[in-house]
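Trainee: Take a look at the following structure, please.
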Amino acid sequence: MFRVTRSATEEGILRHKILHEVSAGLSIFFLVRRPSWVFQCVKDKGCRRQPRVNSTVPEGTVLYDTVDVCRTVCGAQGGLWPRPQSVTLGTHFVKIHPDSLRFDFVDAPTETKELLEEMGGVLTFNLLAECGGTVTEAAELPVAVYVSVKSSDVSLTWLTDEQYTLEVQSKTDELSVRVTAETVYGARHGLETFSQLVTGNRTDPTRTRCGLLAVTGVKIKDHPAYAHRGFLLDTSRNFIPMHDIKRMIDGMATTKLNVFHWHVTDTHSFPLESKRVPQFTRYGAYTPQEVYSTAEVNKLVQYARVRGIRVVIEIDAPAHAGNGWQWGQEHGFGDLAVCVNAEPWRSLCIQPPCGQLNPANSEVYRFLKELYTDIADAIPQPPLLHMGGDEVFMNCWNSSQEIVSYMTSRGYDLSTDGYMRLWGEFQSKVLDIWDDILHEAGVKTKQPVMLWSSELTQIRHIKRYLRKDRYVIEVWEPKESPLLNQLTTLGYRVISIPKNVWYLDHGFWGNTKYANWRRIYEYKLPKNKFVLGGEVAMWTEFVDSQALDGRVWPRTASVAERLWSDPSSSWRTSEPRLQRLRTRLVARGLRPDVINPGWCAQNDMRCT
Amino acid sequence: MELEGGHRNSVIKRRNPIEFGLVFNDAKEMGLTMHPKSWWFNLLYILAAVTCYTCAEDVTPVWRWSCENGRCLKYPLNAENLNTALSLEACKMFCNEYGTLWPRPTGEISLGSHLAKININSIHVEITKRGKSDDLMNAAAQRFKTLIPLVIPKGTMPKSSGKAVVVYLVNENPDEREFSLHFDEGYELRVASMADEKVNATIFAKNFFGIRHGLETLSQLVLYDDIRDHLLIVRDVTILDRPVYPYRGLLLDTARNYYSVDSLKSTIDAMAANKLNTFHWHITDSQSFPFVSTRRPNLTKYGAFTPQKVYTPADVRNIVRYGHERGVRVLPEFDAPAHVGEGWQDTGLTVCFKAEPWASYCVEPPCGQLNPIKEELYNVLEDIYRDMSDLFQPDIFHMGGDEVSEKCWNSSEEIQHFMIQNRWNLDSPGFLNLWNYFQSKAQEKAYKAFGKELPLILWTSTLTEFNTISNYLDKNKYIIQVWTSGFDPQIKGLLEKGYNLIMSNYDALYLDCGFSAWVGSGNNWCSPYIGWQKVYDNSPAEIALEYKNQILGGEAALWSEQSDTSTLENRLWPRSAALAERLWAEPATKWIDAEHRMLHMR
């Protein structure tokens, strides 16, 4: 048990003058000082800093050395993010060490063990990260992590049972950590939660020593409110290197998000390597280095799976496709895409460069099939594909004589309805292609696909073109829009991604407004079995790896808590936990934006 | 393409009014390296045309660039055009008057039309005249050498053939080394090719600062060519350059959140690249006191967030020195009498510290203001100023003076009593008298501590209200830093009264705007986010019109309520670069004409 009480503290400054002769003849001296502050957990108010000496708190009050240690046990949910559905926390700490950490997977099916071992590895890594990689303090008790899993199924879908229970008890000879779950993914969440019950503690003046403190006396029963908890990253507007993507995955795993929606291509660039059609990246990548190779994609899929995350690749079509498709003429396949890079762009698309696939050219379907086959090989089973379907511009298709003639030959008029029929035809062809690929690959049941909301998904069109058992609609209209409810009333499954609160690029262009973590937190999804969940989106017109972390974190954590816990409480009471999450993300190598002045982080609930 | 010695001659692209070419020293070598590639490309084309859409992977460039109507356009690279093809970087260098230089030079500029291959292992700097600024000159030369390899992409090793580069630094006053608001930062840069496999670059300047800026410009004339895998330099250059404004600043607040020493140094590096010359260090505020005061250590002991989140005397010296070598003045601000709090709690010299509800006493929590009636206060101030004098040795000093709250002072009976004794009413004019009382005494201590009557800067406030400012502040002693909007009538009023100004009008230069409110709900007070275009177009000359000679310059400010080390770089850059060009060149053009160079600078 670890605590600092008033009487145990000592007076302040230890000065060590270490003289260094430097070439300039200057001498440098270092001040090595004890912290002036300790932290007290005040009921309903969080952690407040107090002077280390002459503290005015009553004798016997527990004072913690750092705010992170205080937060780990302060308040009903301590430092956990997202907050569990039901939790009891003790107030006592035990010193532990990763070297004396043992996993017991005896009570788990053989099929799950390899995955569980990797998940255990992530836990160990995260514990070490709390101490910057080196834990210098010896353990009071060894840790035994008992994991029981019932199901041998290691696929991750909307039906996967992610609930878990976690118990942490100190016994005479060990700290016992028991995680019980239906699936490996539930078990992973349990391990993640355990990692958040542990905090690094640096108390010595030179900060070279660091110990790990684990809370004991813990009982947690937890399950997610929504099955689809996604983070969208656009890697086409600007290329995001693979190690940055993995860092986003680390953040997602920390906050129990489970879908990485990878908007990998767009009109701007095509960075996803296709083994079958290398022209896509040859003509579509910004540079030969800015490409995701198939080997890298496979590794990413596995990296995400170990962290309880499913990778969903989106190939946006028929619009938002251009660069990467412009080689058709040259290679004798006709125009695969039309109005690519066309000007003036304002009349043909939503932002430069323009480009849309050419639905009149049968070669387009042939190359899409090759591309989809590559993707089906890469993504986790059963494969979930996002087919895009965003912002199709009639004027673009209308600018192509080939398409206009094709429409006439099919008996489509040149009105909106005609274009809807053309688009509907495209959609049904590509769905057939996807079904064929999966059938050949031995997937027994037809898999649902995802599609953006659009003119085609308005209630006046959707029933005619899109079957509700096949399409899950991702609704990106503003939160006030009726579309989400209209679609669920019709029986369509939906994913909510309201652009005016959950688009992270807003506030940096045009009239859009930045949504801070508080606004993001306040958006509640309709409670309805057709609402599978939500996503938060990082479009990258104005972001690359330089600014990525700060735009995405900690705001994405707000969405994560909404989708996992769906709390009825407001952001106010969550802020101390978010502060703790932020320091945790920093320890794990992310560079999240700061929430407010450091003073607020040391004086909970005083900056509201 | 033009080759030296007339080995080969072929024109790559005829364009008005000049013709562009590349100069190679060794035609043989080029020939050898190209042969296999030509063969490869031919094969590729045959394969692609005949059958396959499953060709092998390849990481050689597939694009070349050509300058047409001031824009670089992308074309496929093939065997026929490989000899003459320009990489994107090379294309941009000659595609407009200012090449890829940032900030753009203000005087005569001629970049010629040729690039020469240079040898990265053979770059020499010669300093012609020695003097008291030798240490700075040597450091600048060293920095120049470290900048050159940065243009090479990671993981590539360009060929080490090509010409040697010799840089001559001709410094007229090698003894001049101090910052001032009146010194000449101009320089002249000439690059020419010599007969003996050499490229000579010569920089003439009045002092170290001009020399340094010239080296910065020269480093921007070196580029990496990915088509030939070689380092190139622009061969025939004449540039005459001099800044429009003497004060080109960036403010960083290290009190709301702490920044690592390394992140401050990399900020100074980026400032140097943009020829900004003042790092305004808002080092303390009510939230924390990270400046280690040797004379008053308790201020830091109780004021720092943690004992590690401090700037020790060694740190500060290190940063000041780092700035000096890069032509960046490190200007300390000690904000007073408001914006104090943490660190002062056991001194008995503050009022309304951490008062609640905070909104009644100050603009953001925690509240706190110095108690001007305490004589001891002025001794503490003198000690702080002395500490700053030792470490910064500043040529100008910022005394803050931001957002003083009458209500805070009025919450103290002791202060009320003092004011009544002085026959001051407890109203706004009365509190201004009290503030003036403070400022006069603080000014005296500052002069004493710094050992000279150095120019003092204050933020705009009720004390600097243009109708009454001359009752309190002498226009020959004080510079006013404007943080109102650019349209505020105060600006014109102050100019008419003859005050010198530094522009930090929040509507264009507050880099913390946007994001969200961190107290209460909604967006922060100065939302929305300010794009680099707005920063660029914010012209102090347009604001000041006939009084523009009283504008010393401008400064972008990053208040740190919502940023720290993690997000520092992308809050500051590239937006501060936009400011840098505005203050260096005060161009008559708007952002749209600068966008292509901006993209390159980033």
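Trainee: Could you tell me how many of the residues in region A:451-467 are open to solvent by 20 Å² or more (accessible area, probe 1.4 Å) and part of a loop (DSSP other than H, G, I, E, B)? Walk me through how you get there before you give the answer.
Mentor: The initial filter retains those residues of region A:451-467 that are open to solvent by 20 Å² or more (accessible area, probe 1.4 Å), namely A:455, A:458-460, A:463-465, A:467.
Subsequent filtering for residues that are part of a loop (DSSP other than H, G, I, E, B) retains A:458-460, A:467.
Qualifying residue count for the region: 4.
Trainee: Can you tell me which residue is farthest from the other protein chains (Cβ to nearest Cβ) among those in region B:523-555 that are assigned to a loop (DSSP other than H, G, I, E, B) and open to solvent by 30 Å² or more (accessible area, probe 1.4 Å)?
Mentor: Step one: filter region B:523-555 for residues assigned to a loop (DSSP other than H, G, I, E, B), giving B:523-531, B:538-539.
Pick out the ones that are also open to solvent by 30 Å² or more (accessible area, probe 1.4 Å) and you get B:523, B:525, B:527-529.
Working: B:523: 6, B:525: 13, B:527: 7, B:528: 6, B:529: 5 Å.
Ranking the qualifying residues of region B:523-555, first place goes to B:525.
Trainee: Evaluate the following for residue B:429: is it over 27 Å from residue B:255 (Cα atoms) and open to solvent by 10 Å² or more (accessible area, probe 1.4 Å)?
Mentor: Criteria met by residue B:429.
Trainee: Next question. Taking only region A:366-378 into account, find how many residues are away from chain B (no Cβ under 14 Å) and touching a helix residue (DSSP H, G or I) at 6+ places or on another chain (Cβ under 6 Å).
Mentor: Here the count works out to 3.
Trainee: How many residues are within 14 Å of residue B:320 (Cβ to Cβ) and either surrounded by fewer than 20 Cβ atoms within 10 Å (Cβ to Cβ) or out of contact with any helix residue (DSSP H, G or I) (no Cβ under 7 Å at 6 or more places or on another chain) (or both) when one looks only at region B:272-286?
Mentor: Residues that pass the stated criteria total 5.
Trainee: When residues of region B:556-572 are filtered for being more than 8 Å from every other protein chain (Cβ to nearest Cβ) and in contact with a Pro (Cβ under 6 Å, 6 or more places away or on another chain), how many remain?
Mentor: The number of residues fulfilling the criteria is 0.
Trainee: Counting only residues that are in contact with a His (Cβ under 8 Å, 6 or more places away or on another chain) and within 20 Å of residue A:94 (Cα to Cα), which one in region A:212-223 is most open to solvent (accessible area, probe 1.4 Å)?
Mentor: Taking the candidates together, the pick is A:217.
Trainee: Additional query: Of all residues in region B:227-279, which are under 30 Å from residue B:109 (Cα atoms), over 17 Å from the mean Cα position of the chain (by Cα) and part of a loop (DSSP other than H, G, I, E, B)?
Mentor: Within region B:227-279, B:227, B:228, B:229, B:235, B:236 meet the criteria.
Trainee: Being within 16 Å of the chain's Cα centre (by Cα) and among the charged types (D, E, K, R) is the filter here; which residues of region A:562-581 pass it?
Mentor: Answer for region A:562-581, where residues must be within 16 Å of the chain's Cα centre (by Cα) and among the charged types (D, E, K, R): just A:562.
Trainee: Additional query: Scan region A:244-271 for residues that are of a type in the set (S, T, N, Q) and either under 22 Å from residue A:532 (Cα atoms) or open to solvent by 10 Å² or more (accessible area, probe 1.4 Å) (or both) and jot them down.
Mentor: Just the residues of region A:244-271 that are of a type in the set (S, T, N, Q), to begin with: A:254-255, A:258, A:265, A:267, A:269.
Within region A:244-271, A:254, A:255, A:258 qualify.
Trainee: Hey, residue A:549 hits all of (1) more than 25 Å from residue A:265 (Cα to Cα); (2) surrounded by 21 or more Cβ atoms within 10 Å (Cβ to Cβ); (3) among the acidic types (Asp, Glu) but one; which does it fall short on?
Mentor: (1)
Trainee: Looking only at region B:92-122, how many residues end up being on the phi < 0 side of the Ramachandran plot and over 27 Å from the mean Cα position of the chain (by Cα)?
Mentor: Residues meeting the conditions: 10.
Trainee: Please enumerate the residues belonging to region A:596-608 that are out of contact with any Lys or Arg (no Cβ under 6 Å at 6 or more places or on another chain), at the interface with chain B (Cβ under 7 Å from one of its Cβ atoms) and under 16 Å from residue B:258 (Cβ atoms).
Mentor: Listed by number, the residues that qualify are A:596, A:598, A:599.
Trainee: Just one of B:297, B:366 is open to solvent by less than 10 Å² (accessible area, probe 1.4 Å) and within 14 Å of another protein chain (Cβ to nearest Cβ); which is it?
Mentor: So the residue among B:297, B:366 that is open to solvent by less than 10 Å² (accessible area, probe 1.4 Å) and within 14 Å of another protein chain (Cβ to nearest Cβ) is B:366.
Trainee: Name the single residue, out of those in region A:486-529 being under 21 Å from the mean Cα position of the chain (by Cα) and among the aromatic types (Phe, Trp, Tyr), that is nearest to the other protein chains (Cβ to nearest Cβ).
Mentor: Going through the qualifying residues, I end up with A:514.
Trainee: Step by step: first the residues of region B:300-317, then only those that are open to solvent by less than 30 Å² (accessible area, probe 1.4 Å) and in contact (Cβ under 8 Å) with a residue 60 or more places away in the chain, then the one that is farthest from the other protein chains (Cβ to nearest Cβ). Which residue is that?
Mentor: Step one: filter region B:300-317 for residues open to solvent by less than 30 Å² (accessible area, probe 1.4 Å), giving B:300-301, B:303-305, B:307, B:310-314, B:316.
Those left that are additionally in contact (Cβ under 8 Å) with a residue 60 or more places away in the chain: B:313, B:316.
On the way: B:313: 8, B:316: 11 Å.
Checking each candidate, the answer is B:316.
Trainee: Turning to a different aspect of this structure: Take the residues of region A:224-243 that are in contact with a helix residue (DSSP H, G or I) (Cβ under 8 Å, 6 or more places away or on another chain) and open to solvent by 10 Å² or more (accessible area, probe 1.4 Å): which is nearest to residue A:196 (Cα to Cα)?
Mentor: By that ranking, first place goes to A:224.
Trainee: Does residue B:406 count as open to solvent by 70 Å² or more (accessible area, probe 1.4 Å) and at pLDDT below 95?
Mentor: yes
Trainee: For residue A:286, are the conditions met, namely being assigned to a loop (DSSP other than H, G, I, E, B), within 12 Å of chain B (Cβ to nearest Cβ) and either under 27 Å from residue A:157 (Cα atoms) or open to solvent by 10 Å² or more (accessible area, probe 1.4 Å) (or both)?
Mentor: yes
Trainee: Run down A:311, A:297 and say which single residue is at pLDDT 95 or above, away from every other protein chain (no Cβ under 14 Å) and in a helix (DSSP H, G or I).
Mentor: The unique qualifying residue is A:297.
Trainee: Has region A:320-336 got any residue that is within 27 Å of the chain's Cα centre (by Cα), surrounded by 24 or more Cβ atoms within 10 Å (Cβ to Cβ), more than 14 Å from chain B (Cβ to nearest Cβ) and hydrophobic (A, V, I, L, M, F, W, C)?
Mentor: For region A:320-336, residues within 27 Å of the chain's Cα centre (by Cα), surrounded by 24 or more Cβ atoms within 10 Å (Cβ to Cβ), more than 14 Å from chain B (Cβ to nearest Cβ) and hydrophobic (A, V, I, L, M, F, W, C): present.
Trainee: Being part of a loop (DSSP other than H, G, I, E, B) and either within 14 Å of another protein chain (Cβ to nearest Cβ) or in contact (Cβ under 8 Å) with a residue 40 or more places away in the chain (or both): is that true of residue A:576 here? Before the answer, list the steps.
Mentor: On the way: part of a loop (DSSP other than H, G, I, E, B): no; either within 14 Å of another protein chain (Cβ to nearest Cβ) or in contact (Cβ under 8 Å) with a residue 40 or more places away in the chain (or both): yes.
Against the criterion (part of a loop (DSSP other than H, G, I, E, B) and either within 14 Å of another protein chain (Cβ to nearest Cβ) or in contact (Cβ under 8 Å) with a residue 40 or more places away in the chain (or both)), residue A:576 does not qualify.
Trainee: I'd like the residue in region A:394-432 that is farther than 17 Å from residue A:337 by Cα and among the basic types (Lys, Arg) and, out of all such residues, is nearest to the chain's Cα centre (by Cα). Let's see the steps before the verdict.
Mentor: Step one: of region A:394-432, the residues farther than 17 Å from residue A:337 by Cα are A:408-418, A:420-421, A:424, A:428, A:431-432.
Of the ones still in play, those that are also among the basic types (Lys, Arg) are A:410, A:421.
Details: A:410: 44, A:421: 36 Å.
Checking each candidate, the answer is A:421.
Trainee: Restricting the search to region A:53-68, which residues are within 14 Å of chain B (Cβ to nearest Cβ) and either open to solvent by 40 Å² or more (accessible area, probe 1.4 Å) or at pLDDT below 80 (or both)?
Mentor: Within region A:53-68, A:53, A:54, A:55, A:56 meet the criteria.
Trainee: Of all residues being open to solvent by 10 Å² or more (accessible area, probe 1.4 Å) and touching a residue at least 40 places away in the same chain (Cβ under 8 Å) in region A:579-592, which is nearest to the other protein chains (Cβ to nearest Cβ)? Just the residue, please.
Mentor: Going through the qualifying residues, I end up with A:591.
Trainee: Considering every residue within region A:244-262, establish whether at least one is outside the structural domain of residue A:122 (by TED's automatic domain parsing), acidic (Asp, Glu) and part of a strand (DSSP E or B).
Mentor: The answer is no, given that none of the residues of region A:244-262 is outside the structural domain of residue A:122 (by TED's automatic domain parsing), acidic (Asp, Glu) and part of a strand (DSSP E or B).
The values are calculated or read from the model by the stated rules, or taken from the named source; none is laboratory data. In this text, all values refer to a predicted model and were calculated from it rather than measured experimentally. Cβ atoms come from the backbone with ideal geometry, glycine included; neighbour counts cover every protein chain shown. These accessible areas exclude ligands, DNA and RNA; they are computed on the full protein's heavy atoms, side chains included. Shrake-Rupley method; radii C 1.70, N 1.55, O 1.52, S 1.80 Å.
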